[in-house]
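Novice: Got a structure for you, questions after.
Each value in this text was obtained by applying a stated rule to the coordinates, not by laboratory testing. On a predicted model such as this, the values are computed, not experimentally measured, just so you know. In this analysis, Cβ positions are derived from the backbone assuming ideal geometry, glycine residues included, and neighbour counts consider all displayed protein chains.
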Amino acid sequence: MHSSPSIRYTLTPADPKGHLYEVRLRIPQPKQPVQSLSLPNWIPGSYLIRDFAKHVISVEVFNLNGEQLEERVPVNAVDKSTWEFESNGQPVEVCYQVYAWDLSVRGAHFDETHGFFNGTSVFLAVDGLRDLPCFVSIEANAFCRKQAWKVATGLPKVDTDEFGFGLYCAEDYDALIDYPVEMGTYQEIHFDACGVPHTMVLSGQFECDVERLKQDLIKICETEIKLFGEPAPMDNYLFQVMVTGSDYGGLEHRNSTALICSRDDLPYHGMTEATDEYIQFLELCSHEYFHLWNVKRIQPKVFQQSDLREPAYSNQLWWFEGVTSYYDALILLRAGLIDQKKYLQLLAQQMTRVYRMPGRFKQSVAESSWLAWTKFYQQDENAPNAIISYYTKGSLIALALDLTIRQQTGHQHSLDDVLLHLWHHYGQTGQGLEEYEIERLCSQVTGVELDHFFERYLYGTEDLPFAELFDGENIEFELRPAVGLKDLGGENATPPLASHLGANLADSEHQTVKLTHVWHGQPAYQAGLAAGDEIVAINGLKTGSASAIEKQLKRMNPAAEETVVWRCHYFRRDELRETVIQLNPAVKDRVQLVQSGQACSEWLTLNSPVKA
């Protein structure tokens, strides 16, 4: 193994105050006459050009004589993320540093509290030799030893110490960059799911009921493994969790996931009923774990062929993210972690995120997927009016697709059948999916003609026929007005607001109310208000908070026939302006789902956990 040609990296967390990793890269037989090195411009699972190379410092190349560095070899920067040097085929060592101050699941971070990195941020690819095995030595310096840091990664071990520092090996470069690394004094949770060892490591300051979290994770993981069928597609699995004050997100990998969450999302000792925040965290875990099958192994062909330098365009993200978003809460129901009423509440809130967006009539979900690189991942203040999310509306397409298949086949087939077909014929074989292939397979596997469905709802911009679909499940689908500015949707008996502004509001540091988004055609828009404007007074009285405006909306008489008009003073940049807001009756854009009568939805019953 060691005698065969291979690439060797050595990474040291060198300077926690300067947030610097040092990397040495040994190439035993570089390409002749020129060897190029490159760093990915994006990371799989996050469809934005991020230019990770901007954090690379001082790339130097030296000829090697055994273990000794000899003369320096000139290096040229070819473009923003590629370097090259002349080569006679003799061994060289490449030395560089990486600045790591991105506290997210996508990049690299390093300070006195912990270290984290994705390979896409720190490991230069040796172009032309990317198929060779990649050995990685993660070295502990004096700082790491003094702090008793440990290493948590899904990288296959070769020779490591009790703290995890030492030698690892990936089968090739593409595998290497799919194993993120966490270092620090994290807390560990160990458990088995269907016989597979799992670990969760949590970094940061937090209080957590570890046993409750462990038992809930077991239920999620075993439910998903059993859905796709044993054995699981990995020998072990790692959840890497960074706990902060307010962050949230995740990124999937081949045998791990990198997560970031708020400390309020974790379960606490004495918690009787799961909080909304904790359920959200469990949904995140469910979502990223589901990607083990749907994204990491069932994949678009175009993603398999990408070298991560240029965008890889696909219409299929509605399936890979939307379907996963549909199943993440459904898995919690099947695992018995939430009941049917709570599931309908979560589903209604997900639907509300779509029904509040006028952009759903401007952009199809297929287009949202194709243009993820610019439209979705680089949203501006006009995004609600111009685009739709392939996550949220993609999940609604999955829901409608599942209900359509179930109802047209008498519940003999479902979306599960399509998932399993994709797993057996694509995920397990490594064959990538061509564009439009999933839509064809949905009809082929279930026997339901779905061409018209996809034409209208995936490639078109029509609202899905949920009133009809839910009626077939004895569930009432209703759109209602908001009961407050922070109303997320779902069943709510609180009296609704009589009117609305048609804008998202936020308290500013200037004791004004800032408009973050303005909906086209609604009162704030008609009054000429725009995102970024700061309201200072309504009808001559200071308005220092969004809650104050909400109170005024609540005090309005919904039965009054006369039009209500507000005189509004606001700042645009540093200019004081005045306008008149003519308030309209509140729009119905919050979704609620309620089981009707005594008959229980067969769809929900089928999705309930199987009793032993």
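Novice: As I understand it, the dipole of the chain uses +1 on the Cβ of Lys and Arg and -1 on the Cβ of Asp and Glu, about the Cα centre. Which of 184, 253, 160 lies farthest toward its positive end?
Specialist: 184
Novice: Separate question: How do 391, 459 line up, fewest other C-beta atoms within 10 Å first?
Specialist: With the sparsest Cβ surroundings first, the list reads 459, 391.
Novice: If you don't mind, there's one more thing I want to ask. What does the charge dipole of the range 19-121 about its Cα centre add up to, to the nearest 20 debye, if the Cβ of each Lys and Arg holds +1 and the Cβ of each Asp and Glu holds -1?
Specialist: Rounded to the nearest 20 debye, it is 360 debye.
Novice: Count the DSSP beta bridges whose two residues both fall in the range 186-292, then state the antiparallel fraction as a percent rounded to the nearest 5.
Specialist: 45
Novice: With N set to the number of residues, divide the alpha-carbon radius of gyration of the range 186-292 by 2.2 N^0.38 Å and report two decimals.
Specialist: Dividing the Cα radius of gyration by 2.2 N^0.38 Å gives 1.00.
Novice: Could I ask something else about it? Starting from the Cα-Cα distance between residue 530 and residue 141, subtract it from 0.36 nm times their residue separation and give me the gain in nm to one decimal.
Specialist: Roughly 134.8 nm would be gained on extension.
Novice: I would also like to ask the following. Which whole-number percent gives the relative contact order of the range 7-185, counting Cα pairs below 8 Å spaced six or more residues apart?
Specialist: Worked out over the range 7-185, it gives 26 percent.
Novice: Mean 1/r over all different Cα pairs, inverted: what Kirkwood radius does the range 7-185 give, in Å?
Specialist: The Cα-based Kirkwood calculation yields 16.4 Å.
Novice: Would you please put 16-23, 424-431 in order of how densely packed they are, using the mean number of other Cβ atoms within 10 angstrom per residue and starting with the highest?
Specialist: Put in order of decreasing packing, that is 16-23, 424-431.
Novice: Can you tell me what the convex hull of the Cα atoms of the range 494-586 projects to on average, as an area in nm²?
Specialist: 5.7
Novice: Moving to a separate point now. At a 10 angstrom cut-off on C-beta neighbours, averaged per residue, how do the peptides 478-490, 351-363 rank from highest to lowest?
Specialist: The densest-packed peptide leads the list: 351-363, 478-490.
Novice: For a Förster distance of 41 Å, can you work out the FRET efficiency between the beta-carbons of residue 111 and residue 545, rounded to the nearest 0.05?
Specialist: 0.75
Novice: Now, a different point. Given contacts defined as C-alpha pairs under 8 Å and at least six residues apart, what's the relative contact order of the chain, whole-number percent?
Specialist: Worked out over the chain, it gives 10 percent.
Novice: Sticking with this structure for a sec: If you wrap the range 311-396's Cα atoms in a convex hull and average its projection over all directions, what's the area in nm²?
Specialist: Orientation-averaged projected area of the Cα hull: 5.7 nm².
Novice: So, in nm, how far is label residue 160 from label residue 567 when the simple model puts each one 7 Å beyond its Cα toward the Cβ?
Specialist: 6.9
Novice: A follow-up question, please. In the range 498-531, which residues have a backbone nitrogen under 15 Å from the label point lying 7 Å from residue 576's Cα in the Cα-to-Cβ direction?
Specialist: 512
Novice: At R0 = 51 Å, how high is the FRET efficiency between residue 493 and residue 194 if r is their beta carbon distance? Nearest 0.05 is fine.
Specialist: It comes out at approximately 0.75.
Novice: Another question, if that's okay. By count of other Cβ within 10 Å, fewest leading, how are 52, 206 ordered?
Specialist: Final ranking by Cβ density, sparse to dense: 206, 52.
Novice: Hey, what did the range 186-292 get for relative contact order, percent, Cα under 8 Å, at least 6 apart?
Specialist: 26
Novice: Tell me the Rg and the Dmax, in Å, that the Cα atoms of the chain produce.
Specialist: According to the Cα coordinates of the chain, Rg and Dmax are 26.7, 90 Å.
Novice: Can you work out D for the range 13-55 in µm² s⁻¹ from Stokes-Einstein, where Rh is the Kirkwood radius over C-alpha pairs, the temperature is 4 °C and the viscosity is 1.567 mPa s?
Specialist: Estimated via Stokes-Einstein, D reaches 97 µm²/s.
Novice: Please arrange 325, 4, 262, 395 by counting, for each residue, the other beta carbons lying within 10 Å of its beta carbon, fewest first.
Specialist: Lowest count first: 4, 262, 325, 395.
Novice: Next question, about the same structure. Alpha carbons only, please: Rg and Dmax for the range 1-103, in angstrom.
Specialist: Rg, Dmax (Cα atoms, Å): 14.7, 42.
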